[in-house]
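Undergrad: Take this structure, written in structure tokens, and hold onto it; I'll ask about it next.
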Amino acid sequence: MKIGIDCRMYSSRFTGIGRYVYELTENLFRTDSQNEYVLFFNEPEFAHFSPPNERVKKVLVNAPHYSLAEQIKFLHLLNKEKLDLMHFTHFNAPIFYKKPSVVTIHDLTLSFYPGKKMSSPIYRLAYQLTIKSAVKKAKKIIAVSLNTKKDLQNLFESADDKISVIYEGVHEKFQPLRDESDQKKLSEAKQKFKLDKPYLLYTGVWRSHKNLPNLLQAFHILKNDYGFDGYLVITGRKDPVYAPEIEQKAVTLKLEDDVIFTGLVEEKDLVPLYTGALAYVFPSFYEGFGLPPLEAMQCGVPVIASNTSSIPEICGKDNAIFFDPEDPQNMAEKIFEVTSQKSLREKLIANGLQRVKQFSWKKMTEATLEVYKEALS
């Protein structure tokens, strides 16, 4: 087969869809010695990527999502390659592409939590048309969780009988820091971010469905009602649309000295930050899969997370403590439960380290190859 893969979101950094595309392609090149692959990139990823063998070709697209170039230029390049199968790794596909395709749906966040960005009626219409078209035309749909499958079935009638649930994996780089050199990395990270007390950690983007204002409110309760003496570390780029509300919330609650906004963290600091945390807190209202809790588990950190969407499914009921993300008081109670009980933390760490063994990028890739075969059978 000659298979196309949309790599416009490709990234080796530890971020959602970018990581998915990176791991999928890396593992395909290692495990599949029969098919040819055409990878469609935007810059700068196009320039940085080197095809590993003669069966892999890269094509420069430079078509942003929801753009006219996506619908015209990308479509032209797809047709030019005469593919047997195209894998759209996100639902943003040219509406008039007619050849066999597979689409991965990571979540339906924009259907439930559209947020403040690109909220114009034109953008909303573009989103609805694009995702509806991708779901309807795809021979097979990959959903990254049972929860995403259920959401697809509820929103799109055409999706019902062609969905395969394929879980994502966790990179082996996420590990507890145990030896002497690892302890040095941990010490350097704590020094860099001025972490001289225990801390709770959140990693991820700053968007409305991530629920950071309620996390700050819960942290305020934790400090004032439960006497927690430590920091809340919030990583991620300060999104200009959401940052003012979040930073102002910290000021209003008088948490400026207790909440540390790190900005986007370098990869070398990410594992030490995870490993050094007293607990990892994941307050999202909605997730299609949710990699960070699994990354925390693999680093040997107890997880406290929302009881909504795919999060309990992915974490597993005995491997994390769950709270109602709408209720900061409940969130604070559960965080205190974990931070104040050493035996509970140890149990969650042990269970979490077992849980993550069920998630593998290699298994994800093998299952995806089977979907390719089914799509063309």
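The values are calculated or read from the model by the stated rules, or taken from the named source; none is laboratory data. Because the structure is predicted, anything quoted here is derived from the model rather than measured. A quick note on method: Cβ atoms are made from the backbone with ideal geometry, for glycine too, and the neighbour counts reach across all protein chains shown.
Undergrad: How many residues does the stretch 335-356 hold that are among the aromatic types (Phe, Trp, Tyr) and exposed (fewer than 13 other Cβ atoms within 10 Å of the Cβ)? Full working, then the answer.
TA: Restricting attention to the stretch 335-356, the residues satisfying the condition of being among the aromatic types (Phe, Trp, Tyr) are 336.
After this cut, where a residue has to be exposed (fewer than 13 other Cβ atoms within 10 Å of the Cβ) as well, the list is none.
Number of matching residues: 0.
Undergrad: How many of the residues making up the stretch 134-168 are over 21 Å from Lys98 (Cα atoms), part of a helix (DSSP H, G or I) and hydroxyl-bearing (Ser, Thr, Tyr)?
TA: 1
Undergrad: Of the residues Lys150, Lys194, Lys185, only one is surrounded by fewer than 20 Cβ atoms within 10 Å (Cβ to Cβ) and without any contact (Cβ under 8 Å) to a residue 24 or more places away in the chain; which?
TA: Working: Lys194 fails: without any contact (Cβ under 8 Å) to a residue 24 or more places away in the chain; Lys185 fails: without any contact (Cβ under 8 Å) to a residue 24 or more places away in the chain.
Step by step, each of Lys150, Lys194, Lys185 is checked, and only Lys150 is surrounded by fewer than 20 Cβ atoms within 10 Å (Cβ to Cβ) and without any contact (Cβ under 8 Å) to a residue 24 or more places away in the chain.
Undergrad: Test Gln183 against the stated conditions and say whether it is part of a helix (DSSP H, G or I), out of contact with any strand residue (DSSP E or B) (no Cβ under 6 Å at 6 or more places or on another chain) and at negative phi.
TA: For Gln183, the condition - part of a helix (DSSP H, G or I), out of contact with any strand residue (DSSP E or B) (no Cβ under 6 Å at 6 or more places or on another chain) and at negative phi - is met.
Undergrad: To continue, here is another question. Would you call Tyr22 aromatic (Phe, Trp, Tyr) and over 22 Å from Ala126 (Cβ atoms)? Working first, answer last.
TA: On the way: aromatic (Phe, Trp, Tyr): yes; over 22 Å from Ala126 (Cβ atoms): yes.
Considered against the rule, which asks whether it is aromatic (Phe, Trp, Tyr) and over 22 Å from Ala126 (Cβ atoms), Tyr22 comes out as yes.
Undergrad: In addition: So which residues in the stretch 284-315 are among the small types (Gly, Ala, Ser) and touching a residue at least 40 places away in the same chain (Cβ under 8 Å), if there are any at all?
TA: Taking the stretch 284-315 first, the residues among the small types (Gly, Ala, Ser) are 284, 288, 290, 296, 300, 305-306, 309-310.
Scanning the stretch 284-315 gives Ser284, Gly288, Ala296, Gly300, Ser306, Ser309, Ser310.
Undergrad: Which members of the stretch 281-336 meet the condition of being of a type in the set (Val, Ile, Thr) and within 19 Å of the chain's Cα centre (by Cα)?
TA: Keep residues of the stretch 281-336 that are of a type in the set (Val, Ile, Thr), which gives 281, 301, 303-304, 308, 311, 314, 321, 335.
Answer for the stretch 281-336, where residues must be of a type in the set (Val, Ile, Thr) and within 19 Å of the chain's Cα centre (by Cα): Val281, Val301, Val303, Ile304, Thr308, Ile311, Ile314.
Undergrad: Listed residues Val241, Val265, Val251; which is surrounded by fewer than 18 Cβ atoms within 10 Å (Cβ to Cβ), more than 19 Å from Met331 (Cα to Cα) and in contact (Cβ under 8 Å) with a residue 24 or more places away in the chain?
TA: Val241
Undergrad: Here are some residues: Leu201, Leu232. Which one is in contact (Cβ under 8 Å) with a residue 60 or more places away in the chain, part of a strand (DSSP E or B) and closer than 21 Å to Ser306 by Cα?
TA: Being in contact (Cβ under 8 Å) with a residue 60 or more places away in the chain, part of a strand (DSSP E or B) and closer than 21 Å to Ser306 by Cα holds for just one of Leu201, Leu232, which is Leu201.
Undergrad: Got a number for residues in the stretch 66-107 being out of contact with any Pro (no Cβ under 9 Å at 6 or more places or on another chain), in a loop (DSSP other than H, G, I, E, B), farther than 15 Å from Cys7 by Cα and of a type in the set (A, V, I, L, M)?
TA: Summing the residues that are out of contact with any Pro (no Cβ under 9 Å at 6 or more places or on another chain), in a loop (DSSP other than H, G, I, E, B), farther than 15 Å from Cys7 by Cα and of a type in the set (A, V, I, L, M) in the stretch 66-107 gives 1.
Undergrad: From Leu60, Leu110, grab the single residue that is within 18 Å of the chain's Cα centre (by Cα) and surrounded by 13 or more Cβ atoms within 10 Å (Cβ to Cβ).
TA: Leu110
Undergrad: Still on this structure: Pairs under 6 Å by beta carbon, first residue assigned to a helix (DSSP H, G or I) in the stretch 324-343, partner at pLDDT 95 or above and among the acidic types (Asp, Glu), six or more apart or different chains?
TA: Asn330/Asp324
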